[in-house]
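To start, the structure itself, in structure tokens.
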Amino acid sequence: MKIGILALQGDFELHGRMLSTLSVDADYIRKPDQLNSCHGLIIPGGESTTLIKLMRGAGLFEAISSFAKDKPVFGTCAGLIVLATDLINYNLDTLGLIDLSVERNAYGRQLDSFIDSIEIRIDGKTDFFEGVFIRAPKIVAIGESVKVLGTHGDDMVLAESEQVFVASFHPELTDDVRIHQYFVDKIRKSR
Ligand code: GLN
């Protein structure tokens with residue numbers, strides 16, 4: 001199995017480190033044809049506006065849209081914004097691959113960045129995970145096709161649809177590989 005990591009901007013190398021811990025091959029994606037050999041794709045955190053501009057410039061906006069028709073995609077933080085159908089407080093054309101509404105930079109200035117325990121429910125088990133939030137977006141509404149897998153208080157912070165998996169925090173900034181492992185398993189199940 002090989003997983004592509006969009007490498008135009010943001011903390012893509014840290015996702016590479018997670019995949020290498022899991023002994024999964026990774027490719028840093030900068031051109032559309034690199035996607036052909038990938039079984040899944042990670043869109044990292046960074047700056048969503050810049051990310052989308054660079055994706056368009058590289059021909060990757062359209063390429064990722066068609067890739068996601070039959071292959072799983074995982075977005076963290078800015079990657080979540082890029083994948084959402086609806087960005088409520090900013091005028092930006094997103095990929096619209098998971099039916100959820102998201103608010104950008106939703107935690108305000110004082111709380112721009114914080115670390116707190118979040119509750120995750122994967123594979124029928126409830127557990128805790130260290131949530132690293134950096135100028136994080138908030139998922140404010142979800143469609144029927146979306147299932148919530150993690151919460152921080154009342155906020156939804158981890159969610160999935162059939163093909164798309166999103167986190168508003170940064171699991172790649174911890175040494176805990178469970179979230180990446182879940183994505184690897186999601187790809188395995190979809191093949
Ligand atoms: N604030 C960024 C944005 O709106 C996201 C931050 C992140 O990815 N850590 O795009």
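Since every read-out is calculated from the coordinates, none of them should be taken as a lab result. Predicted, not measured: the structure shown is a model, and the values here were computed from it. Because the Cβ atoms are built from the backbone with ideal geometry, glycine has one as well, and the counts that use them run over all protein chains shown.
Summary of values
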read-out	value
Within straight-line cross-link reach of LYS147, aspartates and glutamates at Cα separation under 14 Å, skipping those fewer than 8 residues along the same chain	ASP99, ASP123, ASP155, GLU160, GLU162
Three-way shape call for region 85-191 based on the alpha-carbon gyration tensor, with the a/c threshold at 1.5	oblate
Dipole in debye (nearest 20) - region 11-147, about Cα centre, beta carbon charges: Lys, Arg +1; Asp, Glu -1	220
Distance between modelled label sites at ARG17 and GLU62, nm, 7 Å Cα→Cβ extension	3.7
Ranked SER23, SER145, criterion: other C-beta atoms within 10 Å, fewest first	SER23, SER145
Net charge dipole size for region 1-44 [Lys, Arg +1 and Asp, Glu -1 on Cβ; Debye, nearest 20]	40
Rough spin-label spacing in nm, given labels placed 7 Å along Cα→Cβ, for LYS125 and ASN105	3.9
Rg/Rh (Cα only; Kirkwood hydrodynamic radius) as it applies to region 9-93	0.95
FRET efficiency estimate (nearest 0.05) - Cβ-Cβ, ASP112 to LEU92, R0 22 angstrom	0.65
